[in-house]
Amino acid sequence: MQAVWYEAQGAAREVLVFGEMPDPVPADGEVRIRIHASGINPGDVKKRQDAFGVGMPFPRVVPHSDGAGVIDCVGHGVPASRLGQRVWCYGAQTYRPFGTAAESAVVPSAQAVPLADVVSFEQGACLGIPGLTAHRAVHAGGPVPGRMVLVQGGAGSVGQCAVGLARMGGARVIAVVRSVADADVAKRAGAHEVVCTEGRTAADWVEQLRRLAPDGVDHIVEVAFDANIELDTELLAVGGSIAAYATGQTAPSIPFWPLVFKNVHLHFLGSDDFPDSAKAKAAAAMNELLGSGWPGFTIDSVFPLIRTTEAHERVESGHWAGRVVVQVPGVDTRGLQR
C-alpha cells in the first residue's frame, strides 16, 4: 500500500517519507479500513516535531489518529457483517505505530464507528480527537442540563464540538472567540451567545460575559489554561468546574486561593488516555450530534496523500480557516476500492 511515514522527528520536509509498505493485517478483534480521508490534528504535527519531548515511540510512525473509509477486512471475532461498512475511526496512532496517512489502517473494531451515508468521508476524518476531547470536556463536571457552560475558543475544532454537544445536552452555551469570522463559526455550531474579543479591551468583553452570566458560569471548556485561568476563576460560580485540554505554557501558575474559596473542580484532559467507556460514549454522542443537524466542520483544504508534507505545513502555518484533510486516492465517492 501507499503510505506516509517518518523514522525520525523534525520538520515535515526533512522527515516525512512517501512510499510503499506492506498491507496491514487485522489481528483478533480488529478491522482494516480502506482509508478515504485522513484528518490532521495539531497533536499529529506536534508528535512529529517532538513538541512533547517524548521521542520516537516506534522505529517507524505512520501519522494521524483520525480517518474515515470502508472496512475491507476483519480479524477473528469481528462479525463479517462489518465488511463494506462506512466508518470513521479514532486512535489509529494512539499507542500504535501506524495511523491513517496510508491507503489502509488497522484499528480495534470498537474504534471504527459507523458513518452515515449523508456524512462525507472528509467530515468523518475530522471527528475523532476533537469529538472525544469535547465530549469529555463538556461532561467532566457532571450533568449539563440547565447549566451555564462557557466554551473558550468556541470556533476551534474541539470548541465547535463542545458547543454542539453542550447545547444538545441541554446547557446554555456561551462561546468566546477571537474574531467576527470565528463568531459566525461558533453560532453555526450552536452557541446561544458569542463573545468576540477582536478590537475590544479585556475589561469590555469580560463585562459582557458577566452580563450574560450574572450568577457566574457553572462549567468552562478551556483551550488556553495558562492564558485564561485567572479570568476563568473570576467568572466561575461557586462549585463550578474547568475542563482544560490545552495550554500555551507547560507550567502555568494558578490563583490557588481564589480557586479554593470557590471550591472549583479542575479537570485536565488528554484524549489518548480516556477510559474506553468514555470514548465509546463520545463516539455515539458525535454520531447523534451529526444526526441532529449539527453542520460539522468547514474544510479548509484537501491534499492528496503524496502531498502530506504540504498538509502538515498548512496546519503549522496557522493560517487555515477550517480543517486540513489528506485524501487517499483509489476510492470512489463511497470509499469502495476501484
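Any read-out appearing in this document is the output of simple, stated calculations on the displayed coordinates, not a laboratory observation. Remember, predicted model here, so these are calculated numbers, not experimental data. Virtual Cβ from ideal backbone geometry, glycine too; neighbours counted across all protein chains shown.
So, counting K/R as plus one and D/E as minus one, what does the shell of residues with Cβ under 12 Å around Ala162 add up to? Kindly include the intermediate steps, with their values, before the conclusion.
On the way: positive: Arg136, Arg167; negative: Glu222.
Summing Lys/Arg as +1 and Asp/Glu as -1 gives +1.
Collect residues whose amide H, placed 1.01 Å from N in the peptide plane, falls under 5 Å from the amide H of Leu236; neighbours closer than 5 in sequence don't count.
Excluding prolines and chain starts, which carry no amide H, the hits are Val217.
With a/c under 1.5 counting as rounded, go ahead and sort region 18-160 into rounded, prolate or oblate using the C-alpha gyration tensor (a ≥ b ≥ c being the square roots of the eigenvalues; past the cut-off, prolate if a/b is larger than b/c, else oblate).
Details: a/c = 2.00, a/b = 1.32, b/c = 1.51.
Taking the square roots of the gyration eigenvalues as a ≥ b ≥ c, region 18-160 is oblate.
Decide, for region 133-272, between rounded, prolate and oblate: order the square roots of the alpha carbon gyration tensor eigenvalues as a ≥ b ≥ c, take rounded if a/c falls under 1.5, and otherwise choose prolate if a/b is larger than b/c, else oblate. Provide the component values of the computation, followed by the final result.
On the way: a/c = 1.26, a/b = 1.13, b/c = 1.11.
It is rounded, given that a/c, with a ≥ b ≥ c, falls under 1.5.
When 1/r is averaged over all different Cα pairs and the result inverted, which Kirkwood radius in Å belongs to region 200-296? Show your work: numbers first, answer last.
Details: mean 1/r = 0.0650 Å⁻¹.
Averaging 1/r across every pair of different Cα atoms and inverting gives 15.4 Å.
Please list, in order along region 2-16, the HN-Hα scalar couplings obtained from phi with the Karplus expression 6.51 cos²θ - 1.76 cosθ + 1.60 (θ = phi - 60°), rounded to whole Hz, x for Gly and Pro.
Rounded to whole hertz, the list is 7, 7, 10, 8, 9, 10, 8, 8, x, 5, 3, 5, 8, 10, 6.
Could you pull out every residue, at least 5 positions away or on a different chain, whose amide H is within less than 5 Å of the one on Thr247? Hs are placed 1.01 Å off N in the peptide plane, and Pro or chain starts have none.
Here the answer is Phe225, since their amide H atoms fall under 5 Å of that of Thr247.
Give me the Kirkwood hydrodynamic radius of the chain, using the inverse of the mean 1/r over all pairs of distinct Cα atoms, in Å to one decimal. Before the final figure, lay out each step's value.
Numbers: mean 1/r = 0.0488 Å⁻¹.
Taking every pair of different Cα atoms in the chain, averaging 1/r and inverting gives 20.5 Å.
Per-residue HN-Hα couplings for region 179-196, Karplus 6.51 cos²θ - 1.76 cosθ + 1.60 at θ = phi - 60°, whole Hz, x for Gly and Pro?
Rounded to whole hertz, the list is 10, 4, 4, 5, 4, 5, 5, 5, 5, 4, 6, x, 5, 6, 9, 10, 10, 9.
Using the 2.2 N^0.38 Å rule of thumb for compact globular proteins, work out how region 173-245 stacks up: its C-alpha Rg over that value, please.
Values: Rg = 11.8 Å, N = 73, 2.2 N^0.38 = 11.2 Å.
Its radius of gyration relative to the 2.2 N^0.38 Å reference: 1.05.
Once the other residues with Cβ under 10 Å from the Cβ of Gly77 are scored (Lys, Arg +1; Asp, Glu -1), what is the net sum?
Working: positive: none; negative: Asp28, Glu30.
Here the count lands on -2.
Report the Cα centroid-to-centroid distance between region 1-75 and region 252-326 in angstrom, as an integer.
First find each Cα centre; the distance between them is then 18 Å.
Two decimals, Cα atoms only, Kirkwood Rh: what is Rg/Rh over region 71-120? Each step should come with its number before you reach the end.
Numbers: Rg = 11.1 Å, Rh = 11.7 Å.
Taking Rh as the inverse mean 1/r over Cα pairs, Rg/Rh reads 0.95.
Going by amide H atoms built from the backbone, whose H comes under 5 Å of the H on Val194, apart from near neighbours?
Under 5 Å from the amide H of Val194 lie the amide H atoms of Ala175, each far enough along the sequence or on another chain.
Return P(r) of region 58-98 (all Cα-Cα pairs; 10 Å bins starting at 0; whole %; ordered from short to long distances).
27, 43, 29, 2
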